[in-house]
Amino acid sequence: MSCHQGGIIALGIGAQGLSAASCVSLYRAICREGFKPKTFTKAPGLSWLARWFRGSIYKSDAMATVLDQTFGSTARTDEISVFGMSNHTRVAITTTVGDDCRLIANYNHGGSERYLHSARMRPWQAYDPPGSFSTPLPALFGKSAADMYVILCNRARCTSAAPLYFEPETCHGEECRDGGLKHNNPVQLGVNECKDIWHPDVAFDVILSVGSGRSRKQLQKPAPWKLLPEWLIGLFNTLMSTMDGEAAWERFIQGQEPRIRNRATRLNVKFPGDEAPALDDTSKIDSMERMAYGFEFSEARADLLDPFSPASGLFLHGHTLLEQLADQLWASMYFFQLVSIRKQKDIYSVTGWIGCRIQPGEGALLILLQRTEGFWVKGRELPMPYDAAFHNPGLHVPVEFNHQAIDDAIRIDVDFGETHRVSISGFPLTLRVSVAVPSHFI
């Protein structure tokens, strides 16, 4: 779940499957080509008056052009929609319509109060819900056929159109502005979406919130912010005062139960000095990147007294929080597929197998398998079978264990050859959870 510039990155990584390196390159192009000021809006002494007359500091068509080049025409298709999952990744970004937060998702075609339209539908392809092939969707929604062509770059503009900086983006007759006007850190929205999609008791492997930097003082507002419509001033003040997302993170953490809290991590670089760079200061991109690479995150942590901790054992001195997160993400690629649970007197016999989400033939699979020395199932070592890992079409490691107390933690951990081990996807859990919600084993 992302908003403003983070929303653009989420579309690149999640919806288009771009690598992080490619997104960095594209983001630099957006900063270089998308921030073209309108005449006199950056001129000393005239900027205030020019911004008042021109409505925004920067040319929206310049940003639209670079986003079109980023998300628009490709060798695969002339128009790319948000809706439709080309991989397993579910992506949602936020935008603000009026004073309401709306979601744009690749797993929901939209058209409701909660979701904006995200599907690219042609008149002859768009019909009523299954069972009624009569009314084309454009007529159903009261929109023109041309309005039903939804492309990715349009939605990128919807999530990043900050008032004063850019004019709002129109989507299906509604003006869309920066999603940060309502939720500058939409981590709670993301958790809520996961619970709606899978189950209210879904087991989270990693909840990661990434900020754009924090400082002691709030960002300065660009002039003439007081000339915004009265209903928009409050939203704009929220955007500027909550830009670092830290207050929302604190509220989120304080309101969570331990099983969610111990999987949640916030990464947010602290700027030197008292002030953060201005929201549109693209000249600071290089120095901000260097600062992020050199930032010293806290050391890794593991709660040895919590049987449901995502890690067990001891982290060596110098193993950072960033490295711990990498371990958790790698470990979450492994899952346990339940085959049977049989009860005999007070003992439960569980059988199943460990598999991997990374498909055979993908380069990341070999990297993961080479790192993995084996697994630990309820404290018992299970070495990685060489043939199963490197010669079968897919990883399939048989697992059998007995368990008695239905509320005691069951751990299945990955051994990466370190002094600590990291739990696979969905674990640790209890037999009570696995019986009530079998999907937790997947």
Ordering of 253-259, 106-112 by burial proxy (mean other Cβ atoms within 10 Å per residue, highest first): 106-112, 253-259
Amide H contacts under 5 Å for THR320, placed H, 5+ residues apart: ALA300
Region 153-216 - percent relative contact order, Cα under 8 Å, separation 6 or more: 22 percent
Over region 281-409, relative contact order from alpha-carbon pairs under 8 Å, at least 6 apart, %: 19 percent
Solvent accessible area, Å² - CYS194, 1.4 Å probe, full protein context: 40 Å²
LEU322, LEU369, ranked by accessible area, largest first (probe 1.4 Å): LEU322, LEU369
Accessible surface of ASP99 - all protein chains present, 1.4 Å probe, nearest 10 Å²: 90 Å²
Long-range amide H partners of ILE410 with built H, under 5 Å: LEU429, THR430
Per residue accessible area of region 275-342, 1.4 Å probe, in Å²: 59 Å²
Links that overshoot a 26 Å alpha carbon limit, given the list LYS36/LYS221; LYS38/LYS221; LYS195/LYS378: LYS195/LYS378
Order of exposure, largest accessible area first, which applies to LYS195, LYS217 with probe 1.4 Å: LYS217, LYS195
Packing rank of 203-214, 288-299, where each peptide gets the mean count of other beta carbons within 10 Å, highest leading: 203-214, 288-299
Sequence of LEU368, LEU279 from largest to smallest accessible area, 1.4 Å probe: LEU279, LEU368
Net charge, PHE297 excluded, C-beta distance under 15 Å - Lys, Arg +1, Asp, Glu -1: 0
Total formal charge among the other residues, if their Cβ is under 15 angstrom from that of GLY14, Lys/Arg +1 and Asp/Glu -1: +1
Around GLY374: net Lys/Arg minus Asp/Glu count, Cβ-Cβ under 13 Å: -2
Straight-distance crosslink candidates among aspartates and glutamates, where the alpha carbon sits under 20 Å from LYS42 and sequence neighbours closer than 8 are dropped: GLU33, ASP61, GLU167, ASP280, ASP281
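The values are calculated or read from the model by the stated rules, or taken from the named source; none is laboratory data. The shown structure was predicted, so the numbers you read here are calculated from the model rather than taken from an experiment. Don't worry about glycine lacking a Cβ; one is built from the backbone with ideal geometry, like all the others, and counts go over all protein chains shown. The protein model used for the area step is the full one, side chains on, heavy atoms only, and it has no ligands, DNA or RNA in it. Shrake-Rupley method; radii C 1.70, N 1.55, O 1.52, S 1.80 Å.
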